[in-house]
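Colleague: One structure coming up, written as structure tokens, with questions to follow.
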Amino acid sequence: MPELPEVEVTRRGLAVLLGRRVTDVVVRTGRLRYPLPGDLIGQIGGKALTDIGRRGKYLLLALGAGHLLIHLGMSGNLRLVAAAEAPARHDHLDVVFGRTVLRLRDPRRFGAVLWLEGDPATHPLLARLGPEPLARGFTAGRLAAALARRRTAIKPALMDSRVVVGVGNIYASESLFRAGIDPRQPAARVTAAQLAKLVSAIKDTLRAAIRAGGSSLRDYVQAEGDLGGFQRRHQVYGRAGEPCRRCGTLVRCLRQTGRATYYCPRCQK
DNA sequence: ATGTGACCCTGGATGC
DNA sequence: TGCATCCAGGGTCACA
């Protein structure tokens with residue numbers, strides 16, 4: 001579910017917790033992608049939340065000298081609920097801040113919660129990540145360097161977190177449509193002019209999705225429980241057989257490395 | 001090293 | 001109605 005825009009919208013929605021202290025932790029499921037920390041209350045109990053960061057699709061909650069790393073996997077969401085609200089199925093973790101509870105729900109349990117001590121950037125899950133797409137340092141030149149000699153198609157290459165972080169299956173298709181690039185084109189053959197358009201398209205697409213509150217397909221909601229709105233503005237994702245919003249040609253779907261890719265055969269060359 | 005498919009897990013949609 | 005099959009915002013792992 002959550003790609004960079006959804007994680008970023010979630011991150012912003014948690015800002016009301018800044019400065020508040022953890023009063024309790026409730027773990028209902030011992031294992032997501034990894035086992036949950038065994039003594040989470042001992043590690044974060046009583047500590048104040050001093051920062052909420054994001055690296056790619058990972059959230060980093062600064063608590064005392066460490067960070068609580070949270071990944072939402074395919075179906076996770078984080079909501080702020082009242083302490084009295086009863087948990088539902090798949091509500092695996094509560095981090096309690098007095099009357100407000102940060103509640104993690106994740107039906108498929110592909111998400112992760114880890115306690116990190118020391119510099120998060122050096123953690124194995126984060127150390128090899130590529131550039132942040134919305135940072136100034138993400139340029140056509142840097143993208144060209146990352147894609148050089150790569151023989152795979154541009155679309156799966158864009159979803160490789162070593163190339164750029166945060167671009168998942170929806171926004172890879174959407175960005176390539178916006179840039180007018182055929183998703184099947186070999187990554188290393190995409191021209192410099194196309195890469196310049198692609199970098200702009202990725203930034204524009206992600207920013208627009210963040211403004212719209214993300215894409216809610218099945219499981220994703222914002223921190224206050226609201227649905228995102230960007231799915232209504234998808235140009236190609238999930239629209240196979242429907243007319244391209246730009247030229248009217250029917251949108252096509254194909255499968256690349258096991259994932260559905262949507263594109264307009266006329267607008268994308 | 002790079003590329004691809006299996007796999008982790010649950011639930012919804014579809015088809016027989 | 002019931003059951004089987006396929007598919008889904010991600011990431012890791014084994015193996016070509």
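The values are calculated or read from the model by the stated rules, or taken from the named source; none is laboratory data. Keep in mind it's a predicted model, so treat the numbers as computed, not measured. Cβ sites come from the backbone with ideal geometry, for glycine too, and all protein chains shown count toward neighbours.
Colleague: Can you give me the number of residues within the range A:214-266 that are among the acidic types (D, E), away from DNA strand B (no atom under 16 Å from the Cβ) and loosely packed, with under 13 Cβ neighbours inside 10 Å?
Modeller: Going through the range A:214-266, the residues among the acidic types (D, E) turn out to be A:219, A:224, A:226, A:242.
Within this subset, residues satisfying the condition of being away from DNA strand B (no atom under 16 Å from the Cβ) are A:224, A:226.
Keeping just the survivors that are loosely packed, with under 13 Cβ neighbours inside 10 Å gives A:224.
The qualifying residues number 1.
Colleague: Against the condition at pLDDT 95 or above and not hydrophobic (A, V, I, L, M, F, W, C), how does A:R218 come out, does it pass?
Modeller: On the way: at pLDDT 95 or above: no; not hydrophobic (A, V, I, L, M, F, W, C): yes.
No: the conditions fail for A:R218.
Colleague: Related question: Scan the range A:131-171 residue by residue and report those that are in contact (Cβ under 8 Å) with a residue 60 or more places away in the chain and either aliphatic (A, V, I, L, M) or within 11 Å of DNA strand C (Cβ to nearest atom) (or both).
Modeller: Restricting attention to the range A:131-171, the residues satisfying the condition of being in contact (Cβ under 8 Å) with a residue 60 or more places away in the chain are A:132-134, A:138-139, A:152-153, A:155-156, A:159, A:161, A:165-171.
If the condition is that a residue be in contact (Cβ under 8 Å) with a residue 60 or more places away in the chain and either aliphatic (A, V, I, L, M) or within 11 Å of DNA strand C (Cβ to nearest atom) (or both), then A:L134, A:A153, A:P156, A:M159, A:S161, A:V165, A:G166, A:V167, A:G168, A:N169, A:I170, A:Y171 are the ones that fit.
Colleague: Something else now. Residue check, A:S161 against (1) part of a loop (DSSP other than H, G, I, E, B); (2) out of contact with any helix residue (DSSP H, G or I) (no Cβ under 7 Å at 6 or more places or on another chain); (3) among the small types (G, A, S); (4) away from DNA strand B (no atom under 16 Å from the Cβ), all met but one. Which one?
Modeller: Of everything listed in (1) part of a loop (DSSP other than H, G, I, E, B); (2) out of contact with any helix residue (DSSP H, G or I) (no Cβ under 7 Å at 6 or more places or on another chain); (3) among the small types (G, A, S); (4) away from DNA strand B (no atom under 16 Å from the Cβ), A:S161 misses just condition (4).
Colleague: Right, something else. Given the options A:V251, A:V236, name the one that is within 16 Å of DNA strand C (Cβ to nearest atom), modelled with pLDDT of 95 or more and in contact with a helix residue (DSSP H, G or I) (Cβ under 6 Å, 6 or more places away or on another chain).
Modeller: Only one candidate qualifies: A:V236.
Colleague: Just one of A:R54, A:R108 is closer than 22 Å to A:R31 by Cα and outside the structural domain of A:G213 (by TED's automatic domain parsing); which is it? Can you show your working first?
Modeller: Working: A:R54 fails: closer than 22 Å to A:R31 by Cα.
Exactly one of A:R54, A:R108 is closer than 22 Å to A:R31 by Cα and outside the structural domain of A:G213 (by TED's automatic domain parsing), namely A:R108.
Colleague: Can you confirm whether the range A:81-103 contains a residue that is touching a residue at least 40 places away in the same chain (Cβ under 8 Å), outside any strand (DSSP E or B) and within 11 Å of DNA strand C (Cβ to nearest atom)?
Modeller: no
Colleague: With respect to the numbered conditions (1) farther than 27 Å from A:L125 by Cβ; (2) within 16 Å of DNA strand B (Cβ to nearest atom), which one is the sole condition not fulfilled by A:V167?
Modeller: The one condition A:V167 does not meet is (1).
Colleague: Pull up the range A:104-122, narrow it to residues that are under 17 Å from A:L60 (Cα atoms) and in a loop (DSSP other than H, G, I, E, B), then point me to the one that is nearest to DNA strand B (Cβ to nearest atom).
Modeller: Among those that are under 17 Å from A:L60 (Cα atoms) and in a loop (DSSP other than H, G, I, E, B), it is A:G111.
Colleague: Among A:L93, A:L129, which is the only one that is farther than 15 Å from A:T10 by Cβ and of a type outside the set (G, A, S)? Even if it seems obvious, please write down each step before you answer.
Modeller: On the way: A:L93 fails: farther than 15 Å from A:T10 by Cβ.
Criteria check complete, one pass: A:L129.
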